[in-house]
Amino acid sequence: MKQDSTRNTAYTLDCEDYVHVVKFSPFDSGDACSLIAYGGNNYVVIGTCRFQEEDAEVEGMQYKTLRKFHHEIRVDAITWSPETRLDTLPPQIRFCTAASDRKLRLFTSDLQDKNEFKIFDGHSDYINDLVFAPKEGQEVASVSDDHTCRVWDLEGNEKAHFVLRSPGMSVCWHPEEAFKLMVAEKNGTIRFYDLITQQAILSLECEQTPLMSADWCFKNTLKIGAVAGSDWLIWDITRSSYPQDKRPVHVDRARLFRWSRVNENLFATTGYPGKTTTQLLVHHLGHPQPILTGTAAVGSGLTWHRTLPLCAVGGNHKIFFWVTEM
């Protein structure tokens, strides 16, 4: 693991293929290391990371691959289950993927002999995002270009089905709001659904399109962030259905928005992949300008570490890591 100063990347990890998606586990796995998953053209790799920012005995970054899972097709999104544990005997790894064949795949492994996967079939178009129920992990929600949000049990049965007015781009499930689901649509609307009544209970408006990505702040359930067009937008849901704060950030359209998990004023956005480089910007609500600018060769995916102000982006045969100040 080398430190790379040329593009102010704190660390890089070499991978054997293009990394389409990268995801730190947001859950405590019972181990000092952090779990990370990344997906390529036909595989998912699960590994652990430990950084010098959290352990003085580590030089730079320590990475170890736990297992590589064959995945017949390109991986487009990954979500971790809260049931994943490394401190049990045997350990349990559980995650779900969305792929370009419009199917979800649920993987369960003990990192030894047990490696199972189930296919959830039902979406009729491209799946843009998916998320596990954050408390018990017994359900998965997904959103698609087919104008639906669907909630599945772990057998692949559809438990709820919400009809959207445009493609679903992001879906979020907050651990403090276990009976609500946040769904962001490409037309600029973000709705909250009550999972008990299966009704929409609140909506927010961007007033601009296309909305490409939205996130529910882990540290403050009243804060929602998104990127639409070339701007980032922030809402306080108690104040208005329109954004309280917005700023143009990416010349070539913004692609992803992710809140830090350690600070409610810290978030990252990325520009559109497909240029020779993708810009990553880290923002702090107290600062008028981005506090960190990074570039990644044709980057895709964006994820924050569970306990550090550190984010990662996938790229060509690499994962790039940036550490920012709080």
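The values are calculated or read from the model by the stated rules, or taken from the named source; none is laboratory data. Keep in mind the model is a prediction, meaning the values are calculated, not measured. In this analysis, Cβ positions are derived from the backbone assuming ideal geometry, glycine residues included, and neighbour counts consider all displayed protein chains. The protein model used for the area step is the full one, side chains on, heavy atoms only, and it has no ligands, DNA or RNA in it. Shrake-Rupley method; radii C 1.70, N 1.55, O 1.52, S 1.80 Å.
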Worksheet entry | Karplus (6.51, -1.76, 1.60) ³J(HN,Hα), θ = phi - 60°, over the range 196-203, in Hz, Gly and Pro reported as x | 6, 8, 6, 10, 6, 10, 7, 9
Worksheet item: What ³J(HN,Hα) values, in whole Hz, does the Karplus curve 6.51 cos²θ - 1.76 cosθ + 1.60 give for the range 219-230 when θ = phi - 60°, with x put for Gly and Pro?
Response: 7, 8, 5, 8, 9, 10, x, 7, 10, 9, x, 10
Fill in: Rh by Kirkwood over Cα pairs, then Stokes-Einstein D for the range 161-309 at 0.692 mPa s and 37 °C, µm²/s
212 µm²/s
Worksheet, complete the sentence: Candidate cut points under GluC sites (Glu not before Pro) in the range 1-81, DSSP loop plus at most 14 other Cβ atoms within 10 Å of their own Cβ, are 16, 57, 59, 72
Response to the item:
Out of 299, 319, 138 - ranked by how far each Cα lies towards the positive end of the dipole of the chain, with unit charges on the beta-carbon of charged residues - the top one is 299
Worksheet item: Which option, [x] 39, 23, 16; [y] 32, 22, 20; [z] 27, 25, 18, is the value of semi-axes √(5λ) of the Cα gyration tensor in Å that was calculated from these coordinates?
Response: [z]
Practice prompt. In whole Hz, with x marking every Gly and Pro, tabulate ³J(HN,Hα) for the range 313-325 from phi via Karplus 6.51 cos²θ - 1.76 cosθ + 1.60, θ = phi - 60°.
Written response: 9, x, x, 6, 6, 8, 10, 9, 10, 10, 10, 10, 6
Discussion item. Once ligands and nucleic acids are excluded and a 1.4 Å probe is used, how much of residue 94 is accessible, expressed in Å² to the nearest 10?
Written reply: 40 Å²
Worksheet item: What does the charge count near residue 317 come to, summing +1 for each Lys or Arg and -1 for each Asp or Glu among other residues with Cβ under 11 Å from its Cβ?
Response: -2
Item to complete: Return the FRET efficiency for the residue pair residue 136, residue 241: r is the Cβ-Cβ distance, R0 is 35 Å, and the value is rounded to the nearest 0.05.
Response: 0.70
Worksheet item: Straight-line reach from residue 219: which lysines have Cα under 22 Å away, leaving out those fewer than 8 places along the same chain?
Response: 23, 135, 180, 246
Fill in: the range 131-189: GluC sites (Glu not before Pro) falling in loop per DSSP and having at most 13 other Cβ within 10 Å
136, 155, 176
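Using a 1.4 angstrom probe, figure out how much accessible area the range 11-149 has per residue, in square angstrom, rounded to the nearest whole. Numbers along the way, then the final one.
Details: 5580 Å² over 139 residues.
Per residue, the range 11-149 has an accessible area of 40 Å².
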